[in-house]
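Undergrad: Before we start, here is the structure in question, set down as structure tokens.
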Amino acid sequence: MGGTFDPIHMAHLLLAEAAREQYHLDRVLFMPSAKPPHKDSRLVSPAEHREAMVRMAIEENPWFVYSDLELCRSGLTYTSDTLKTLHGEYPDTEFYFIMGADSLFSVDAWHQPEKIFQLTAVLAGNRSEVPLERIREQIEYLRMRFGGTVSLIEMPDIAVSSSEIRSRCARGCSVRYYVPETVYRYIRKHQLYQ
């Protein structure tokens, strides 16, 4: 599971846990990206803060594992490159790529999307703002276009986003319960997003 995690929040964790449970995953790797191509890197919090928050958020779940693979890579961070690296290091491992429904509607415009669908099964969580029928249509479209496996993760609708959390912090509003308590305290201690 990749992303900027700026910050990691409860919907990320619920998505990962639902995927792990429903698809019987041995573990879920959380990989903060260094320089995502679709975001202005000047607007992304420093890697050390994002890494610390991810580590705190997942530390008590034995199936969740932190990976710095993407943070250690120079240049833009592409999912297709990450998957190639993982397959090279672990050739006998079956990989799943966990994403939210918002990414499901943009993945066909990512760098080498055909490689993503060749190298991994895609698991997509629903989002409350996207009707379930529309998500199913997109899954079918991606299967037809790229082949491979694309499956839906059943989970409760939680309308929480990192951008909303940053906005709430900037306005001086509480983000308690949007993020794990340890992450909440970290954000306050370091005065992030103000």
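The values are calculated or read from the model by the stated rules, or taken from the named source; none is laboratory data. All figures in this text were calculated on a predicted structure; none of them were measured in a lab. Every residue, glycine as well, gets a Cβ built from its backbone with ideal geometry; the counts of neighbours run over all protein chains shown.
Undergrad: Within segment 10-44, track down each residue that is assigned to a loop (DSSP other than H, G, I, E, B) and at pLDDT 95 or above.
TA: Tyr23, His24, Leu25, Asp26, Arg27
Undergrad: Out of (1) aromatic (Phe, Trp, Tyr); (2) surrounded by fewer than 19 Cβ atoms within 10 Å (Cβ to Cβ); (3) within 25 Å of Ala57 (Cβ to Cβ), what's the single condition that is false for Tyr178?
TA: Exception for Tyr178: condition (2).
Undergrad: Out of everything in segment 117-132 that is surrounded by fewer than 21 Cβ atoms within 10 Å (Cβ to Cβ) and out of contact with any His (no Cβ under 9 Å at 6 or more places or on another chain), what residue ends up being modelled with the lowest pLDDT?
TA: Restricting to residues being surrounded by fewer than 21 Cβ atoms within 10 Å (Cβ to Cβ) and out of contact with any His (no Cβ under 9 Å at 6 or more places or on another chain), the top hit is Ser128.
Undergrad: If I ask for residues that are among the small types (Gly, Ala, Ser), modelled with pLDDT under 95 and at negative phi, which ones from segment 133-161 would you list?
TA: Hits for segment 133-161 are Ala159, Ser161.
Undergrad: To continue, here is another question. All but one of (1) in contact (Cβ under 8 Å) with a residue 12 or more places away in the chain; (2) of a type outside the set (Ser, Thr, Tyr); (3) out of contact with any helix residue (DSSP H, G or I) (no Cβ under 7 Å at 6 or more places or on another chain); (4) in a helix (DSSP H, G or I) hold for Ile135; state the number of the condition that does not hold.
TA: (3)
Undergrad: Quick check, is Gly75 touching a Ser or Thr at 6+ places or on another chain (Cβ under 6 Å), of a type in the set (Gly, Ala, Ser) and either modelled with pLDDT under 95 or crowded, with 19+ Cβ neighbours inside 10 Å (or both)?
TA: Judged against the criteria, Gly75 is not a match.
Undergrad: So, one more: Can you give me the number of residues within segment 143-173 that are within 19 Å of the chain's Cα centre (by Cα), assigned to a helix (DSSP H, G or I) and among the small types (Gly, Ala, Ser)?
TA: Count: 2.
Undergrad: State which residue pairs qualify: first residue under 21 Å from Asp157 (Cα atoms) and inside segment 169-194, second residue part of a loop (DSSP other than H, G, I, E, B) in any location, beta carbons under 6 Å apart, and separation of 6 or more residues or different chains.
TA: That search, which allows pairs on different chains as well, returns Tyr178/His9; Tyr178/Val160; Val179/Pro7; Val179/His9.
Undergrad: Return the residue satisfying two criteria in turn: it lies in segment 148-194 and is among the β-branched types (Val, Ile, Thr) and in contact with a helix residue (DSSP H, G or I) (Cβ under 6 Å, 6 or more places away or on another chain), and of such residues it is farthest from Arg55 (Cα to Cα).
TA: Only one residue fits best here, namely Val150.
Undergrad: For Leu192, indicate whether it is part of a loop (DSSP other than H, G, I, E, B) and either aromatic (Phe, Trp, Tyr) or surrounded by 12 or more Cβ atoms within 10 Å (Cβ to Cβ) (or both).
TA: Against the criterion (part of a loop (DSSP other than H, G, I, E, B) and either aromatic (Phe, Trp, Tyr) or surrounded by 12 or more Cβ atoms within 10 Å (Cβ to Cβ) (or both)), Leu192 qualifies.
Undergrad: Could I ask something else about it? Among the residues of segment 87-98, are any closer than 23 Å to Ser151 by Cβ and touching a Gly at 6+ places or on another chain (Cβ under 9 Å)?
TA: yes
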